[in-house]
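These notes are about the structure you will find just below.
The values are calculated or read from the model by the stated rules, or taken from the named source; none is laboratory data. In this text the structure is predicted, and so the values were computed from the model without any measurement. As a convention, Cβ positions derive from the backbone with ideal geometry for all residues, glycine included, and neighbour counts pool all protein chains shown. Ligands, DNA and RNA are excluded from the accessible area calculation, which covers all protein heavy atoms including side chains. Shrake-Rupley method; radii C 1.70, N 1.55, O 1.52, S 1.80 Å.
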Amino acid sequence: MPDLTEHLAARIALDGPLTVADYMSECLLHPTMGYYTTRDPLGKDGDFTTAPEISQMFGEMIGLCIAQTWLSQGAPSPFILAELGPGRGTLMADILRATKSVPNFHAAARIHLVEASEPLRTRQSQALDGYEVEWHDYLNTLPALPLFLVANEFFDALPIRQFIRDKDDQWRERRVGIANDSLCFGLSEPQKVPALQSRIADTKSGDMVEICAAASAIASEIAERIASDGGAAILIDYGDWESLGDTLQAVKNHEKVSPLLSPGQADLTAHVDFNALSSAASKCNVSQMIPQGVFLERLGITPRAQKLAQHLSGTALTNHIAAHRRLTHPEEMGNLFKVLALVPQGHALPPGTE
Ligand code: SAH
């Protein structure tokens, strides 16, 4: 048995079956055996690829969106330019490149990254060579200044709990236990779950609903900061307006695998419930949930793609056209990924989200 499985088995023997959230936390962030704590999982040779790794155009559009929002709030100086879960630092590097010519934007920006993974912090410092950067374990240590924040594929890595609707208003929680020396899923006894009371009306017996307490807590903290200090947040992830069904997913070498098969060796994610994020951020003016393809088109990704294409030929041009399609087309990432933006009450929403 690999070490993390042994550790999980010992914990289950001691405490009983784990919630899916505890299982996800151990798999992703165990200090010495966790998925993110021990590796850089991104890119073609890794396990999965994200929008900023597909094309520089993604970060360019976000950069212009943030800079425009910063200008419309009176160009506060200094301000925090923050990213949650910056991966290889590619998105932040593209944001900074795209905003170089915005007067005073770089002089005013203080770059702060919230990142749990040491190997990825190293990648980020390489990508942002020449910039002054501060890292944080959590967003509560970000200085109290206007906060312009982006998070791409961060919320989907946060631990979820899963519940199956039983009869009446009772739910059984899905848990991870051990049978015949292997990890397996089981269900708790039926119980009332106050946090799911609002889902009694729109679910039936047998339906699965997921709750991500960490996502709501983080969205609420971001919203409080923006409501009091100014700024904006652009949150991008895959998911939908309301959680329904089992979306826990493990990916290894760009293939889906069973979430229990190789703990700590595969990426584990779940779809983001944008209604939950939006409700948690109610101190702010919150945008509607916008499909990523629509958001990028509104920001002008197609003219930008055409401009870049003028300098390309052969395979580079084919790849560039494929990347544009992958980011925006409804059958690729365009519809699965959604965008939610926050600004202080009474302020204009960021371009592309209004
Ligand atoms: N935003 C990047 C990477 C997405 S992968 C991109 O689009 O390419 C998820 C990122 O979130 C990784 O950097 C991972 O290390 C980080 N992460 C996951 N859980 C975290 C947590 N609880 N706290 C801080 N960072 C976390």
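From the list 47, 3, which one is over 19 Å from residue 147 (Cα atoms), within 16 Å of the ligand (Cβ to nearest atom) and either among the acidic types (Asp, Glu) or under 19 Å from the mean Cα position of the chain (by Cα) (or both)?
One residue alone meets the criteria, 47.
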- prompt: Can you name every residue in the stretch 206-232 that is among the hydrophobic types (A, V, I, L, M, F, W, C), assigned to a helix (DSSP H, G or I) and within 16 Å of the ligand (Cβ to nearest atom)?
  reply: 213, 214, 215, 217, 218, 219, 222
task: Name every residue in the stretch 250-281 that is within 15 Å of the ligand (Cβ to nearest atom), touching a helix residue (DSSP H, G or I) at 6+ places or on another chain (Cβ under 9 Å) and not β-branched (Val, Ile, Thr), in order of residue number.
output: 250, 264, 266, 267, 268, 270, 271
message: Within the stretch 265-286, take every residue that is under 19 Å from residue 230 (Cβ atoms) and not small (Gly, Ala, Ser) and give me the one that is least open to solvent (accessible area, probe 1.4 Å).
response: 284
task: Please list, ordered by first then second residue, the pairs with beta carbon atoms under 8 Å, 6 or more apart or interchain, first in the stretch 31-44 and under 9 Å from residue 117 (Cβ atoms), second of a type in the set (Gly, Ala, Ser) and open to solvent by 10 Å² or more (accessible area, probe 1.4 Å).
output: 36/116; 36/157; 37/116; 39/46; 40/46
task: May I ask you to verify whether residue 58 is within 15 Å of the ligand (Cβ to nearest atom), open to solvent by less than 10 Å² (accessible area, probe 1.4 Å), more than 15 Å from residue 350 (Cα to Cα) and in contact with a helix residue (DSSP H, G or I) (Cβ under 7 Å, 6 or more places away or on another chain)?
output: yes
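Residues in the stretch 233-242: is at least one outside any strand (DSSP E or B), in contact with a helix residue (DSSP H, G or I) (Cβ under 9 Å, 6 or more places away or on another chain) and not acidic (Asp, Glu)?
Here is the first cut: in the stretch 233-242, the ones outside any strand (DSSP E or B) are 241-242.
Right, trim to in contact with a helix residue (DSSP H, G or I) (Cβ under 9 Å, 6 or more places away or on another chain) and you get 241-242.
From what's left, not acidic (Asp, Glu): 241.
Scanning the stretch 233-242, I find at least one residue that is outside any strand (DSSP E or B), in contact with a helix residue (DSSP H, G or I) (Cβ under 9 Å, 6 or more places away or on another chain) and not acidic (Asp, Glu), so the answer is yes.
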query: Regarding residue 215, is this residue buried (at least 16 other Cβ atoms within 10 Å of the Cβ) and farther than 19 Å from residue 162 by Cα?
result: no
- line: Here the residues within the stretch 12-43 that are surrounded by fewer than 15 Cβ atoms within 10 Å (Cβ to Cβ) and closer than 14 Å to residue 183 by Cα are 13, 16
- request: State whether the residues of the stretch 75-87 include one that is under 20 Å from the mean Cα position of the chain (by Cα), more than 9 Å from the ligand (Cβ to nearest atom) and either open to solvent by 10 Å² or more (accessible area, probe 1.4 Å) or of a type in the set (D, E, K, R) (or both).
  value: no
- line: Residues of the stretch 48-65 being of a type outside the set (Gly, Ala, Ser) and farther than 17 Å from residue 237 by Cβ, in sequence order, are 56, 57, 60, 64
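Any chance you could count how many residues in the stretch 257-315 are small (Gly, Ala, Ser), assigned to a helix (DSSP H, G or I) and closer than 21 Å to residue 158 by Cβ?
First pass over the stretch 257-315, keeping only residues small (Gly, Ala, Ser): 258, 262, 264, 266, 270, 276, 278-282, 287, 293, 300, 305, 309, 313-314.
Remaining after also requiring assigned to a helix (DSSP H, G or I): 276, 278-280, 293, 305, 309, 314.
After this cut, where a residue has to be closer than 21 Å to residue 158 by Cβ as well, the list is 276, 278-280.
Result for the stretch 257-315: 4.
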statement: Counting only residues that are open to solvent by 30 Å² or more (accessible area, probe 1.4 Å) and within 18 Å of residue 24 (Cα to Cα), the stretch 139-162 contains a total of 4
message: The conditions are (1) at pLDDT 95 or above; (2) closer than 28 Å to residue 15 by Cα; (3) not in a strand (DSSP E or B), and residue 203 fails exactly one of them. Which is it?
response: (2)
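Would you mind finding the one in 156, 129, 181 that is free of Cβ contacts under 8 Å to residues at least 40 places away in the same chain and either of a type outside the set (Phe, Trp, Tyr) or farther than 22 Å from residue 337 by Cβ (or both)?
On the way: 156 fails: free of Cβ contacts under 8 Å to residues at least 40 places away in the same chain; 181 fails: free of Cβ contacts under 8 Å to residues at least 40 places away in the same chain.
Result of the check over 156, 129, 181: 129.
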